[in-house]
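What follows is one structure encoded as structure tokens, with my remarks underneath.
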Amino acid sequence: MEWLRISTSTELVRIATDEIVYVHADGNYSDLVLTNGKSRKMTFQLHFFEEVFQQLQHNTFIRVGRSYIVNKRYIHVINLSDQTLIFSGKLITGEIKHLNVSREALKQLKELLENEKGVDNE
């Protein structure tokens, strides 16, 4: 298990990457949404998290459109018709159901996941 360490002038936050379902952009802030359904507002823009996730040894995070970075381990359904991304997984205990995402962003995500090599074993 890898840990995300985020340090600000007033605190240090450590979060297991397995517990992050997605990150949502909110202006100059970002909301980390965790498997327990709780959200934590951080004083960083989305590109900060994109760079941090790229440094992980096992990066399971994918940028989806302009507003989200999602943990692909929890993607259950990509529905282009409804423009929704549905999450599922044995670690998800909170009220995380789905995101409304642009059709183009979902189409790109779908193609990316379809073209990945190997077998999903998580």
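The values are calculated or read from the model by the stated rules, or taken from the named source; none is laboratory data. These figures come from a predicted structure and were not determined experimentally. A quick note on method: Cβ atoms are made from the backbone with ideal geometry, for glycine too, and the neighbour counts reach across all protein chains shown. These area figures cover heavy atoms from the full protein model, side chains too; ligands, DNA and RNA do not enter into them. Shrake-Rupley method; radii C 1.70, N 1.55, O 1.52, S 1.80 Å.
Quick notes on this one:
- Solvent exposure of the chain, expressed per residue, is 64 Å² of accessible area, with all protein chains present and a 1.4 angstrom probe.
- Calculated from backbone phi, Karplus (6.51, -1.76, 1.60) coupling profile of the range 16-22 in Hz, x at Gly/Pro: 5, 4, 5, 8, 8, 8, 7
- Amide hydrogen neighbours beyond the local backbone of residue 68, cut-off 5 Å, H modeled: 25
- Apportionment of accessible area to carbon and sulfur, the range 1-106, percent (1.4 Å): 44
- Extreme residue, positive dipole direction of the chain, given options 83, 23, 37 (C-beta unit charges): 37
- Taking all Cα pairs closer than 8 Å and separated by 6 or more residues, the relative contact order of the chain comes to 18 percent.
- Relative to the longest principal axis of the Cα atoms of the chain, helix 103-114 runs at roughly 80 degrees.
- Taking a ≥ b ≥ c as the square roots of the eigenvalues of the Cα gyration tensor, an a/c ratio of 1.5 or more together with a/b no larger than b/c marks the range 22-62 as oblate.
- Dmax and Rg, reported as Rg then Dmax, of the range 17-115 (C-alpha, Å): 12.6, 34
- Cβ crowding within 10 Å averaged over residues, with 101-108, 9-16, 55-62 ranked highest first: 101-108, 55-62, 9-16
- Measuring between alpha carbons in the structure, the pairs from 41/72; 38/90; 38/97 lying more than 18 angstrom apart are 41/72.
- Here the gap between residue 102 and residue 3, fully extended at 0.36 nm per residue and compared with their Cα-Cα distance, gives a gain of 32.6 nm.
- Full extension of the chain between residue 113 and residue 91 yields a length gain of 5.8 nm, computed as 0.36 nm times the residue separation minus the alpha carbon distance.
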